């Protein structure tokens, strides 16, 4: 069984070179494992990680909020589009939230890198769904706010939050937790 790991970050092009460097390191570390990467089928840091990992042979699935994903679609093994029957399919803002729920529901774990409000939405989805959540700290944005925020706002959940500023350590710990959960079944 391949673990499905979502990469959740801002779809806007991040200017923070440290976040980009760490995202590239993350792609390298993810490529060590036999996994599937899930993204929102958009641009930005998730696309960067997915593109780099795909070049290393990792399978990538995308969940774009519109009928035409951004970037090179050849990196995706599968694309899951918003159903045309969805009452708000023509509203991009609402379609992004639909995509967030579906993509987070379909992954075993999520990695949060930098990010803004949409990434916070993905984090709360993962948390409410009891998923394993890796937060790559030191990347700016919401990722650097989550350690303090999660101490202030608590809610009972089966979620496991793993914080690290090391892509290697973060991925190793996420995979270890996923393996532990699989063995507990």
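Some notes on this structure:
- Residue that is surrounded by the fewest Cβ atoms within 10 Å (Cβ to Cβ), among those in region 99-133 that are closer than 14 Å to residue 170 by Cβ, touching a residue at least 60 places away in the same chain (Cβ under 8 Å) and in contact with a helix residue (DSSP H, G or I) (Cβ under 6 Å, 6 or more places away or on another chain): 109
- Test: residue in region 55-66 that is more than 26 Å from residue 175 (Cα to Cα), at pLDDT below 95 and surrounded by fewer than 21 Cβ atoms within 10 Å (Cβ to Cβ): yes
- Among the residues of region 42-60, the one identified as in a loop (DSSP other than H, G, I, E, B) and in contact with a strand residue (DSSP E or B) (Cβ under 7 Å, 6 or more places away or on another chain) is 58.
- Considering only residues in region 145-171 that are without any contact (Cβ under 8 Å) to a residue 12 or more places away in the chain and outside any loop (DSSP other than H, G, I, E, B), the one that is surrounded by the fewest Cβ atoms within 10 Å (Cβ to Cβ) turns out to be 152.
- Across region 134-144, the qualifying residues are those that are touching a helix residue (DSSP H, G or I) at 6+ places or on another chain (Cβ under 9 Å) and either at pLDDT 95 or above or in a helix (DSSP H, G or I) (or both), and the one among them that is surrounded by the fewest Cβ atoms within 10 Å (Cβ to Cβ) is 137.
- Filtered residues of region 72-108 (kept if in contact with a strand residue (DSSP E or B) (Cβ under 9 Å, 6 or more places away or on another chain) and over 24 Å from residue 131 (Cα atoms)): 73, 75
- Any hit, region 61-69, residues being free of Cβ contacts under 8 Å to residues at least 40 places away in the same chain, under 27 Å from residue 180 (Cα atoms) and in a loop (DSSP other than H, G, I, E, B): no
- Residue in region 71-82 that is part of a loop (DSSP other than H, G, I, E, B), closer than 16 Å to residue 2 by Cβ and in contact with a helix residue (DSSP H, G or I) (Cβ under 6 Å, 6 or more places away or on another chain) present: no
- Note on region 6-30: among residues that are surrounded by fewer than 19 Cβ atoms within 10 Å (Cβ to Cβ) and assigned to a loop (DSSP other than H, G, I, E, B), the one that is modelled with the lowest pLDDT is 15.
- The sole residue among 47, 63, 3 that is out of contact with any helix residue (DSSP H, G or I) (no Cβ under 6 Å at 6 or more places or on another chain) and within 21 Å of residue 112 (Cβ to Cβ) is 47.
The values are calculated or read from the model by the stated rules, or taken from the named source; none is laboratory data. Computed from a predicted structure; not experimentally measured. Cβ atoms come from the backbone with ideal geometry, glycine included; neighbour counts cover every protein chain shown.
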